[in-house]
Amino acid sequence: MLARRSLNAYADLSVRLAAPHQLQAKPNVSDLAFGKYFTDHMLKIFYYESLGGWQAPEITPFENLVLHPAAKVLHYAVELFEGMKAYRGVDGKIRIFRPDMNMERMNASAVRSGLPQFNGIELIRCMNRLISIDQEWVPHSEASSLYIRPTLIGIDPTLGVAASDSAMLYVILSPVGSYFKSHEAARGVSLLADPRYTRAWPGGCGDRKMGSNYAPTIHVQKEATERGLQQVLWLYGEDHQITEAGTMNVFVYFVNDDGEKELVTPPLDGLILPGITRNSILSLSRDWNQFKVSERRITMTEVCRLLSENRLLEFFGAGTACIVSPVSFIQYMDQELYIPTLDHAEPIHRTFFQRLTEIQYGYVDHPWATPIE
Ligand SMILES: Cc1ncc(COP(=O)(O)O)c(C=O)c1O
């Protein structure tokens, strides 16, 4: 019987709970770092073309994977992932933020990786069940949340560089604290902008969330750390276009040539990840209609000019891990750029942070944050 009700259908989900001796003690919220602890269960869905495609989803105790040594993921980085969060609201309900957008982005990454696409709505249902089983792991604190890491890997036991006939989609959960240490958020982060390095290029995969985009950044991040800087500001091209900061999209808020306030973020031209936080910030800004909003290229030359003319107001990163992260310093070749992001009484990055956390933690009812049950 190969026919399935639907691809990766929730109706076919089976659950094998961890035995009491397999349950782990939960860490203190103060001890949470990013991705250090994992919950007691995980979700797995296998795909075998020879068996008709997606198999029945299963929730199992958290356990190691067994892979053939030739599995494509281990040789050609046939891997992609997502990063999303579940928040425990003020009313005790657990919500996830815009999961449909993560599913859409994950399927787009699957296409580019030669991995099978799946039904996102069914996967959200399966993930919600996983989260409800491990619900005591969703921290009872607004400084923390439960990070959700859906992952899709090619597991064919053959060395050919080809589309995957066999794949595994799995989801693991990790309680996380603040991505940056509190003193970093208070002082703003420092960035290394070195045009010798680039993260993505036209026609490449910078707009897909594939593991192969991240491994080559580690060396550059190490160089930034060695120079006493916290993150890398990724540039592209001879005109040193700003693309992303670390694993965040970038926003620049300034006074434009017409004397009006403008919020600029790089366009979705293939060089940057289409961030869900980015999309949310743009959408809030357009609703508020209090300043000009542009998706366009912005270069380091423009940033230096705005800074020298005292027109640069704020520079910040945006992403699921930190929501917004104010930038206070950029080392750009031999120039030390001090950015006044934190020097304002009511900075807009703070307003975005407050509005998004209000939605995520259920202070307001909003269609972007849906309770898991
Ligand atoms: C390279 C990169 N850019 C931007 C983002 C921000 O995207 P999102 O807001 O969907 O978390 C992320 C994190 O997921 C990322 O890895």
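The values are calculated or read from the model by the stated rules, or taken from the named source; none is laboratory data. None of these values were measured; they are calculated from a predicted model. Cβ: placed from backbone, ideal geometry, glycine included. Neighbour counts: every protein chain shown.
Numbers at a glance
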{"item": "Within region 330-373, tally of residues that are under 30 Å from Glu223 (Cβ atoms), touching a Gly at 6+ places or on another chain (Cβ under 7 Å) and of a type outside the set (A, V, I, L, M)", "result": "1"}
{"item": "Cβ pairs under 8 Å, 6+ apart, first in region 69-87 and without any contact (Cβ under 8 Å) to a residue 12 or more places away in the chain, second in a loop (DSSP other than H, G, I, E, B)", "result": "Leu74/Leu67"}
{"item": "From Pro116, Pro150, residue being part of a loop (DSSP other than H, G, I, E, B) and under 24 Å from Val15 (Cβ atoms)", "result": "Pro116"}
{"item": "Residue match in region 209-222 (condition: away from the ligand (no atom under 14 Å from the Cβ), over 20 Å from Ala108 (Cα atoms) and surrounded by 13 or more Cβ atoms within 10 Å (Cβ to Cβ))", "result": "no"}
{"item": "Inter-residue pairs, beta-carbon under 8 Å, first on the phi > 0 side of the Ramachandran plot and in region 324-350, second acidic (Asp, Glu), 6+ apart", "result": "Met333/Asp194"}
{"item": "Hits in region 327-346 (condition: more than 16 Å from the ligand (Cβ to nearest atom) and either touching a Phe, Trp or Tyr at 6+ places or on another chain (Cβ under 8 Å) or of a type in the set (Ser, Thr, Tyr) (or both))", "result": "Ser328, Phe329, Ile330, Tyr332, Glu336, Leu337, Tyr338, Ile339, Thr341"}
{"item": "Filter result for Trp234 (within 13 Å of the ligand (Cβ to nearest atom) and touching a residue at least 24 places away in the same chain (Cβ under 8 Å))", "result": "yes"}
{"item": "Members of region 321-369 found to be under 18 Å from the mean Cα position of the chain (by Cα), farther than 18 Å from Val252 by Cα and either in a helix (DSSP H, G or I) or among the β-branched types (Val, Ile, Thr) (or both), listed by number", "result": "Leu356, Thr357, Ile359, Gln360"}
{"item": "First in region 243-272 and not assigned by the TED database to the domain that holds Ile348 and more than 16 Å from the ligand (Cβ to nearest atom), second anywhere and in a strand (DSSP E or B) and at pLDDT 95 or above, Cβ under 9 Å, 6 or more apart", "result": "none"}
